[in-house]
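Notes follow the structure.
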Amino acid sequence: MENSSEIVFVLQGLNETRTNKHIYFVVTLLGYLFTIFVNLTLIMTIILEKMLHEPMFIFLCSLCINGLVGASSFYPKLLLDLLSDVHVISYAACMIQLFIGYSYVFCEFTMLTVMAYDRYVAICKPLNYHSIITPRTVVKLLILTWLFSLCESIIGLNLTLRLPLCGFHIEKLYCTNWPVVKLSCVDTTINNIYGYILTFSHVSQAVLILISYVNIIKASIRSPADRNKFMQTCLPHLISLTNFTITLVFDVMYDRYGSSSRLQNFRTFLALEYLVVPPLLNPLIYGLKMNQIRRRIFRIFRFRVSALK
């Protein structure tokens, strides 16, 4: 294999945008700026409003921070590629993008699992909620979520870094693990085994979420108050989880088993969806659906407008 500092990957997937690349650039830039705006609005609202310093909102704040990380690992490079006729990325930049993308995906899934646990305790064990979800527990869950995700990402990155490469065309808009691993000249059994371990780990999380929601739905039937709490706090979580899980699973399966010459537009959509939609969708659905956040956002904006007059 060549010296890693000399390797340049060719990214594929933007070939069909050449005729309207400036339009795509403007739309992408506006999407990125709006994603930053809605996430920062929600984050700052939760930080500034003491009434929102509750576990559910703190976890939501962490989810939005992770969304910003994921979006920022993807949008800047895409914007540069839309202005260029040559879509390439250095080995080092590819590995950085791969690592951040890894971390975003793992943290998103683990944070959604933690949020499901929080809602389970809040609805199924309301009298014990504050004794179970204490400030110390919240801190531990946040640290565990981020450290667990970073450890998964570091291991995955190191397994990829050790591989000698015999190809340099990545069949995607950006660097992810499996398209890079497929370029290896040597056996990738260890990478495959680690992939199965990650799959088992996060499928286990999905099972825990499913069990939590079976119990949440049973508990929500008991009273109008519980049903209202479910609609206010659990429905946005279910929308986020379903959207993220379905698109991620399809993208991973297509990377591994799909044909690179078929359904290119559909493949590009899958590659974009779980990086573009969740960071944009999460703050919007939580901000619009949860009364506590919506009221405080409107109050902050009214105050800012009044101050400018």
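Tabulated results
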| read-out | value |
| --- | --- |
| Among 6-12, 60-66, 120-126, 281-287, the order from most to least packed when residues are scored by Cβ within 10 Å on average | 60-66, 281-287, 120-126, 6-12 |
| Rounded to 10°, Cα long-axis angle of helix 21-48 versus longest principal axis of the chain | 30 degrees |
| Carbon and sulfur %, accessible surface of the chain computed with the full protein complex present, 1.4 Å | 70 percent |
| Accessible surface, the chain, averaged per residue in Å² (probe 1.4 Å) | 51 Å² |
| Among the listed pairs Lys140/Lys172; Lys21/Lys182; Lys21/Lys172, those beyond 25 Å (Cα-Cα) | Lys140/Lys172; Lys21/Lys182 |
| Between 0 and 90°, nearest 10: helix 55-72 axis offset from the chain longest Cα axis | 20 degrees |
| Unpaired by the 4.7 Å Cβ criterion, cysteines found in the chain | Cys61, Cys64, Cys107, Cys124, Cys151, Cys234 |
| Gain upon complete extension [Asn20, Arg294; 0.36 nm per residue less C-alpha separation] | 94.9 nm |
| Net charge, Gly67 excluded, C-beta distance under 15 Å - Lys, Arg +1, Asp, Glu -1 | -2 |
| FRET efficiency, Val277 to Ser204 (Cβ-Cβ, R0 30 Å, nearest 0.05) | 0.75 |
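The values are calculated or read from the model by the stated rules, or taken from the named source; none is laboratory data. Being a predicted model, the structure only gives us computed values, none of them experimental. Counting neighbours? That spans all protein chains shown, and the Cβs are built from the backbone with ideal geometry, glycine included. With ligands, DNA and RNA removed, areas are computed over all heavy atoms of the protein, side chains included. Shrake-Rupley method; radii C 1.70, N 1.55, O 1.52, S 1.80 Å.
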